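Everything below concerns the one structure shown next.
What follows is calculated from the coordinates using simple rules that are stated; it is not laboratory data. Everything quoted here is computed from the prediction, not taken from an experiment. Cβ coordinates were reconstructed from backbone atoms using ideal geometry, including for glycine residues, and neighbour counts include every protein chain displayed.
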Amino acid sequence: MRLSLYRLFDLLHGTWFVLLVLVLSRAAISADKAGSPPLKTKSDAPAATAGGVYEFRTKHDPNGIGKFYMGREIAHVMGFIAADWLERPEREDEEKLTTLVAALDLKPGQIVADVGAGSGVISFLIADEVGPEGKVLCVDVQQKMLDLITRKIREGKIENVDTVLGTPKSPGLKAGTVDLILMVDVYHEFEFPYEMLRELSAALKPGGRIAFVEYRLEDPEVPIKLVHKMTEVQVKREAGLPELGLRWKETIGDLPRQHLILFEKAAATP
Ligand SMILES: C[S@@+](CC[C@H](N)C(=O)[O-])C[C@H]1O[C@@H](n2cnc3c(N)ncnc32)[C@H](O)[C@@H]1O
């Protein structure tokens, strides 16, 4: 017995045993890799310049959702309960909505998507500009906001305004169909700004425009919570990602509280 144990020990040190151990350990590593999610590479890490990469922080502004995109915090979505605030009579004085709509230079017959339409205050101003041959598509993620719009459509017998229920990642618009996308005090609330911008850009006709209307973060006098304001530089950084195919066209800065930042989708090449 003593001799056979000694012999076994001797055998275990043999070359064949070393090879066996190597083969078994390699098989175990491959099995583990097959069952695990892919390891994060450096390019998966949050980066200031990359689109579609979100960061989550536990310390953040209470008016934000703790999710950050390209360095800024995303704001909470304004609930249906605050719809009255959108309809406040002093809004025209404070924000000059009629000046804003005039600055969009709309033409009769155009198709406009008012994304994040809320209760539709601006949608119906636009409907007058595009006329009976045109159309306003009111997109929102809250059905209760769209219900308010539907009621106004019925009461006013308005035929050129429709509602579209979007999702946080998609506005639900058909590709290549829209002349202008308007977002008034909305973009900073998008939970998935990158995914939304990709779809919004795809929804534009060649040469179509996308308008960001955001409270000016550069101006401390604008009485709005910080995460509900954006700088022009930040909007340009996010909308200017090359894969979105949008080119900055102009910024109109003469509204009392907001800037109107317009981008254009490249026209189709002949
Ligand atoms: C502050 S309100 C502005 C409403 C309207 N644009 C106005 O100025 O009267 C923002 C609206 O954006 C909507 N919203 C937020 N995220 C959205 C998304 N991903 N897609 C569509 N609408 C969204 C909200 O439900 C809310 O009705």
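Side notes on the structure shown:
- Annotation for the range 217-227: no member residue is over 25 Å from Pro62 (Cα atoms) and either away from the ligand (no atom under 11 Å from the Cβ) or in contact with a Cys (Cβ under 7 Å, 6 or more places away or on another chain) (or both).
- Subset of the range 239-254 (residues that are surrounded by fewer than 18 Cβ atoms within 10 Å (Cβ to Cβ) and either of a type in the set (D, E, K, R) or outside any helix (DSSP H, G or I) (or both)): Gly240, Glu243, Gly245, Arg247, Trp248, Lys249, Glu250, Thr251, Ile252, Gly253, Asp254
- Just one of the listed residues (Ala211, Ala202) is among the small types (Gly, Ala, Ser), buried (at least 17 other Cβ atoms within 10 Å of the Cβ) and within 14 Å of the ligand (Cβ to nearest atom), namely Ala211.
- Residue, surrounded by the fewest Cβ atoms within 10 Å (Cβ to Cβ), within the range 214-230, restricted to residues that are touching a residue at least 40 places away in the same chain (Cβ under 8 Å) and outside any strand (DSSP E or B): Lys225
- Qualifying residue in the range 172-189 (condition: part of a loop (DSSP other than H, G, I, E, B), in contact with a Phe, Trp or Tyr (Cβ under 6 Å, 6 or more places away or on another chain) and basic (Lys, Arg)): no
- Here the range 144-193 is the region considered, the condition is being of a type in the set (D, E, K, R) and in contact with a Pro (Cβ under 8 Å, 6 or more places away or on another chain), and the residue that is nearest to Ala83 (Cα to Cα) is Glu191.
- Every pair of residues 6+ apart whose Cβ atoms lie under 8 Å, when the first sits in the range 175-190 and is farther than 16 Å from Ser123 by Cα while the second is within 14 Å of the ligand (Cβ to nearest atom) and β-branched (Val, Ile, Thr): His188/Ile74; His188/Val227; Glu189/Ile74; Glu189/Val77; Phe190/Ile74
- The set of residues in the range 66-112 being more than 15 Å from the ligand (Cβ to nearest atom), farther than 24 Å from Glu264 by Cβ and either in contact with a Leu (Cβ under 6 Å, 6 or more places away or on another chain) or of a type in the set (Gly, Ala, Ser) (or both) consists of Gly66, Gly71.
- Scope the range 113-171; condition surrounded by fewer than 17 Cβ atoms within 10 Å (Cβ to Cβ), near the ligand (Cβ under 10 Å from one of its atoms) and in a loop (DSSP other than H, G, I, E, B); matching residues: Pro168, Lys169
- Taken over the range 60-99, the criterion of being within 16 Å of Lys225 (Cβ to Cβ) and in a loop (DSSP other than H, G, I, E, B) is satisfied by His60, Asp61, Pro62, Asn63, His76, Val77, Met78, Gly79.
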